[in-house]
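Visitor: One structure coming up, written as structure tokens, with questions to follow.
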Amino acid sequence: MSTSLDLERQLRHLRRAAERNALPVREIVLPNAHHVLAGDTRLHYLDWGGKSRRDVLFLHGGGLNAHTWDVVCLGLREEFRCIALDQRGHGESEWSAGMDYSTGAHVRDIERFVDAIGLENFVLVGMSLGGLNSIEYAARHSDRLEALVLVDVGPEIRLAGTSKISAFVQQPAELPSVEDFVERALAFNPRRNRDLLRTSLLHNLRQLPDGTWTWKYDRRHYGLIDRKAMDAARLKLADRLPEIRCRTLVVRGEHSDVFWAEDAEKLVGQLPDARWVEIAHAGHTVQGDNPGDLIVALRNFLSPGFEPGEGQR
């Protein structure tokens, strides 16, 4: 399932996104796309290159893909080697034959991926689903991490926000046109720019033989999900927090209805070395709503001698 975007359109999209977010980038470039075998699962990832020896691995949220981090990676690539992974069942990565999308399966993929491309002493950034997977990975492998960043997620999240997301993803998976998906996405999140959103969605859509469009990510297991068991497994991640020995930044979107300020405060209190920051004008999908301020927060956190300032705890 290849991308529906040619290279020139991707470059124009990134240029417009950089301008809209006032990113002071010297060069608009595209990442190199690669595949690697993690056990018996083929994983796709984007490598933004650069000369830095400091590696940052980005994990997207459920139903998203590696391209959700494009603007953030573009803004940071001169200081860090940014790598964005399509987690199993998402983007261009392989779907699970057994429909296993448990935290354990995702973390095994991450472990194998990290070993396959030789990451060591790297920064792990995870949003939503990717953040939960990052918690478990960090609890097991803090010794391999320079730092951890959790974007708008923790073991405790809010039912109102997650129910809204569930309702969105449970809508019919096939629509006549890309524009129909744009309208649906804008109704769900009106903060997004229509033109930029349209191009971003093409990274997450594929056209069927009959001309209709559908999501790239695997939805076969949705009707089989045991919500109570899934919530219980997520809450058990709280027990792993004291095992995370690397310094951690917790990020929340100012308008997030999934992860509240008090949730961020509690999470920071459970981690051995953590602080948190709130990104203005952003909801749950912080990297899409306000990538510019997220870039600043990440850069500040990863700079030597960082101390929390106003709006940061």
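Visitor: Given labels modelled 7 Å from the Cα in the Cβ direction, how far is it in nm from ASP226 to LEU5?
Guide: That separation, rounded to one decimal, is 3.9 nm.
Visitor: Under a point-charge model restricted to the Cβ atoms of Lys and Arg (+1) and Asp and Glu (-1), what is the dipole moment magnitude of the chain relative to its Cα centre, in debye to the nearest 20?
Guide: Once rounded to the nearest 20, the dipole reads 140 debye.
Visitor: Also, I was wondering about something else. Counting other Cβ atoms within 10 Å of each Cβ, which trypsin sites (Lys or Arg not before Pro) in the stretch 167-260 have at most 11 and sit in a DSSP loop?
Guide: Loop-located and lightly packed - ARG220.
Visitor: To the nearest 0.05, what FRET efficiency results for ARG20 and GLU78 with a Förster distance of 22 Å applied to their C-beta separation?
Guide: That gives a FRET efficiency of 0.70.
Visitor: Order these peptides, 30-39, 125-134, by their mean beta-carbon neighbour count within 10 angstrom, highest first.
Guide: 125-134, 30-39
Visitor: Kindly work out what percent of the DSSP beta bridges joining two residues of the chain are antiparallel, to the nearest 5.
Guide: Once the DSSP bridges in the chain are tallied, antiparallel ones form about 40 percent.
Visitor: For ILE83, ILE117, what ranking results if the residue with the fewest other Cβ atoms within 10 Å of its Cβ goes first?
Guide: Going from sparsest to densest Cβ surroundings: ILE117, ILE83.
Visitor: Any lysines with Cα under 28 Å of the LYS228 Cα? List them, leaving off those in the same chain fewer than 8 positions away.
Guide: Candidates past the 8-residue exclusion: LYS164, LYS216, LYS236, LYS266.
Visitor: Right, next: Taking C-beta distances below 4.7 angstrom as the pairing criterion, name the unpartnered cysteines of the chain, in sequence order.
Guide: CYS246 - these cysteines have no disulfide-compatible partner (Cβ-Cβ under 4.7 Å) in the chain.
Visitor: At 0.36 nm per residue, minus the direct Cα-Cα distance, what do HIS255 and SER303 gain on full extension? Give it in nm, one decimal, please.
Guide: Full extension from HIS255 to SER303 adds 14.6 nm.
Visitor: Between the stretch 261-304 and the stretch 123-197, what's the alpha-carbon centroid distance in Å?
Guide: 15 Å
Visitor: Turning to a different aspect of this structure: Kindly state, to the nearest 0.05, the FRET efficiency for GLU183 paired with ASP239, given R0 = 45 Å and r defined as their beta-carbon distance.
Guide: Computed FRET efficiency for GLU183 and ASP239: 0.60.
Visitor: Which of the trypsin sites (Lys or Arg not before Pro) found in the stretch 10-85 are loop residues per DSSP with 12 or fewer other Cβ atoms within 10 Å of their Cβ?
Guide: Those satisfying the criteria are ARG26, LYS51, ARG53.
Visitor: Okay, moving on. So how compact is the chain: Cα radius of gyration and Dmax in angstrom?
Guide: 18.2, 57
No lab work stands behind these numbers, since they all come straight from the coordinates. The structure presented is a predicted model; accordingly, all values stated were derived computationally and were not measured. Because the Cβ atoms are built from the backbone with ideal geometry, glycine has one as well, and the counts that use them run over all protein chains shown.
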